[in-house]
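Just below is one structure, and these are the notes that go with it.
The values are calculated or read from the model by the stated rules, or taken from the named source; none is laboratory data. Since we're looking at a predicted model, the values are computed, not measured. As a convention, Cβ positions derive from the backbone with ideal geometry for all residues, glycine included, and neighbour counts pool all protein chains shown. These accessible areas exclude ligands, DNA and RNA; they are computed on the full protein's heavy atoms, side chains included. Shrake-Rupley method; radii C 1.70, N 1.55, O 1.52, S 1.80 Å.
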Amino acid sequence: MGNLNDKSFSISGSNLIKIAASVFLVMGLNTNPAAAENIGHEGFETVYHIYNGGNYVGAVSEEEKVEELVDAKVAETEQEFQGLNLEPDESFNMIAEQVFEPAVKNEEEILAALDEELDIKASTFALTLDGKVIAQLEDRAAYDETLRQVLLAYASPEELDQWEANKRISEGLPELEAGETRITLIDIEDDLAGMSDQAAPADVSTPEAAAALLLEEKDIKVTVEKQEKVKEGIKFETVEKEDKELFIGKSKVEQEGKEGEKEVVYTVTETGGEQSEREAVEEEVTAEPVEKVVLNGVKELPSVGTGKFVWPAQGGYISSKKGPRWGREHKGIDIAQPDGFDILAADHGVVKAAGADGTFGNRVIIDHGNGYETIYAHLKTIDVKVGDKVPQGTKIGVMGTTGRSTGIHLHFEISKNGATLNPLDYIKQ
């Protein structure tokens, strides 16, 4: 397509006519220089040859009639296509010629033919992709807005405005704050260009329509490079230490861990809206992490009791004592309505039995290695197994109502060398 600035004619607007003066001097045999000079200044008339669409239309004697016709067609077209810069098709041309005897005939027919054939076009700025025109835009400003609309599919208006402003900064850009992002490059990878052109007024697109064509049908790719500064946590380390005061299998936290914090600057590359690369280029630690310290017990578990027993439940009261009850001997005590439901080993020992046992339901028997044994019955669950060493106060199960039971409680017995003892002689609430 040609550039409007390079056209060989222009009639609408300034109504200028480029004149090719083709002078026909009918002089006969007169070779007098003076006579020739007179002919060059007097006796000529001008006719106007009209060309359109590569064809000769005819000649007229008055250029004003042609100008009026063109202006009328432009005005008529403007009624439907307001805001466009309208002009005759670039193939329209009018050349003036000076002749002795004009032979202009049928001017009205020539003007009528011109009126029928002449196309009014919009002066446009064509959008090209890989050298091919894909859209006609009103002007260069509309072309620039089309490209902006394409970029807005990959960046916010604020990001785009900031990028444009940053390009005008000659010195270094200010340091990013945590949470901030800025575009450092945004580029359309495809071969897009623009040029001056003409088009039918109905074919002129808006920037939004042209951008949609590029994004949805032509599938152009846009690369965006960003810098972003973010706050990130630094994981703390866990350090384990031995503790001779804790039994084997027990542990406790001596110091809670705390995450540190750092500020990291990333360079992010997005292609076609998808992140294709992310690289940390700068990092600053703003708070060091605090390590977690865990103490692990190395103390041997005692298998022999002390002979001194502790309360085997978490609070509660004695709902039934040792002695005759319901026509038979009640060999232990019942503890009910505790503050918590954990059942605890009354003294050091080794689990002798753990499981269901008739009317006892779920029960645990601990051998304290010094002649003493304790029984814990009606448990909801059991947390130990036969052979486990259980220090005094270790949780061995949860209070329940399994077996023959009238409610949630613990049945607790103490015996020595096989003889049943009264637990209340050995434990206190």
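Per-structure values
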{"quantity": "Wholly within the range 259-327, strands (runs of 3 or more DSSP E) carrying at least 2 residues that are among the small types (Gly, Ala, Ser) and surrounded by 14 or more Cβ atoms within 10 Å (Cβ to Cβ)", "calculated": "317-320"}
{"quantity": "Odd one out for PHE236, checked against (1) part of a strand (DSSP E or B); (2) open to solvent by 50 Å² or more (accessible area, probe 1.4 Å)", "calculated": "(1)"}
{"quantity": "Considering residues of the range 392-403 that are part of a loop (DSSP other than H, G, I, E, B) and of a type outside the set (Ser, Thr, Tyr) only, the residue surrounded by the fewest Cβ atoms within 10 Å (Cβ to Cβ)", "calculated": "GLY393"}
{"quantity": "Lone unmet requirement of (1) within 29 Å of GLU87 (Cβ to Cβ); (2) assigned to a helix (DSSP H, G or I); (3) open to solvent by less than 50 Å² (accessible area, probe 1.4 Å) for GLU159", "calculated": "(1)"}
{"quantity": "Members of the range 352-409 that are in contact with a Phe, Trp or Tyr (Cβ under 6 Å, 6 or more places away or on another chain) and at positive phi", "calculated": "GLY403"}
{"quantity": "Which numbered condition ILE169 misses (of (1) aliphatic (A, V, I, L, M); (2) at pLDDT 90 or above; (3) more than 25 Å from the chain's Cα centre (by Cα))", "calculated": "(2)"}
{"quantity": "GLY249 open to solvent by less than 40 Å² (accessible area, probe 1.4 Å) and modelled with pLDDT under 95", "calculated": "no"}
{"quantity": "Long-range neighbours under 7 Å by Cβ, at least six apart or interchain, first residue without any contact (Cβ under 8 Å) to a residue 12 or more places away in the chain within the range 404-429, second part of a strand (DSSP E or B) and of a type outside the set (Lys, Arg)", "calculated": "LEU421/ILE414; LEU421/SER415"}
{"quantity": "Tabulated pairs, the range 97-115, first within 8 Å of VAL47 (Cβ to Cβ) and modelled with pLDDT of 90 or more, second exposed (fewer than 12 other Cβ atoms within 10 Å of the Cβ) and hydroxyl-bearing (Ser, Thr, Tyr), C-beta under 6 angstrom, 6+ apart or interchain", "calculated": "GLU97/SER22"}
{"quantity": "LYS231 vs. criteria under 27 Å from the mean Cα position of the chain (by Cα), in a strand (DSSP E or B) and modelled with pLDDT of 95 or more", "calculated": "yes"}
{"quantity": "Residue among VAL66, VAL150, VAL70 that is buried (at least 18 other Cβ atoms within 10 Å of the Cβ), in contact with a Phe, Trp or Tyr (Cβ under 7 Å, 6 or more places away or on another chain) and among the β-branched types (Val, Ile, Thr)", "calculated": "VAL66"}
{"quantity": "Filtered residue count, the range 379-391, keeping only those that are open to solvent by less than 70 Å² (accessible area, probe 1.4 Å), part of a loop (DSSP other than H, G, I, E, B) and in contact with a Gly (Cβ under 8 Å, 6 or more places away or on another chain)", "calculated": "1"}
{"quantity": "Residue in the range 415-424 that is on the phi < 0 side of the Ramachandran plot, open to solvent by less than 20 Å² (accessible area, probe 1.4 Å) and at pLDDT 95 or above present", "calculated": "yes"}
{"quantity": "Any hit, the range 358-367, residues being closer than 18 Å to PRO302 by Cα, buried (at least 17 other Cβ atoms within 10 Å of the Cβ) and without any contact (Cβ under 8 Å) to a residue 24 or more places away in the chain", "calculated": "yes"}
{"quantity": "Pick from the range 328-353, criterion in contact with a Gly (Cβ under 9 Å, 6 or more places away or on another chain) and among the β-branched types (Val, Ile, Thr), ranking: surrounded by the most Cβ atoms within 10 Å (Cβ to Cβ)", "calculated": "ILE343"}
{"quantity": "Qualifying residue in the range 264-271 (condition: more than 16 Å from GLY179 (Cβ to Cβ), without any contact (Cβ under 8 Å) to a residue 24 or more places away in the chain and within 24 Å of the chain's Cα centre (by Cα))", "calculated": "no"}
{"quantity": "Any hit, the range 89-99, residues being closer than 16 Å to ALA200 by Cβ, among the hydroxyl-bearing types (Ser, Thr, Tyr) and open to solvent by less than 70 Å² (accessible area, probe 1.4 Å)", "calculated": "yes"}
{"quantity": "Of the criteria (1) within 21 Å of ASP219 (Cβ to Cβ); (2) touching a residue at least 40 places away in the same chain (Cβ under 8 Å); (3) not hydroxyl-bearing (Ser, Thr, Tyr), which one GLU138 fails", "calculated": "(1)"}
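For every residue, the table says whether it meets (1) hydrophobic (A, V, I, L, M, F, W, C); (2) part of a helix (DSSP H, G or I); (3) open to solvent by less than 40 Å² (accessible area, probe 1.4 Å).
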| site | (1), (2), (3) |
| --- | --- |
| GLU175 | no, no, no |
| GLY179 | no, no, no |
| ILE183 | yes, no, yes |
| GLN198 | no, no, yes |
| ALA202 | yes, yes, no |
| ALA211 | yes, yes, yes |
| GLU216 | no, yes, no |
| THR223 | no, no, yes |
| GLN227 | no, no, no |
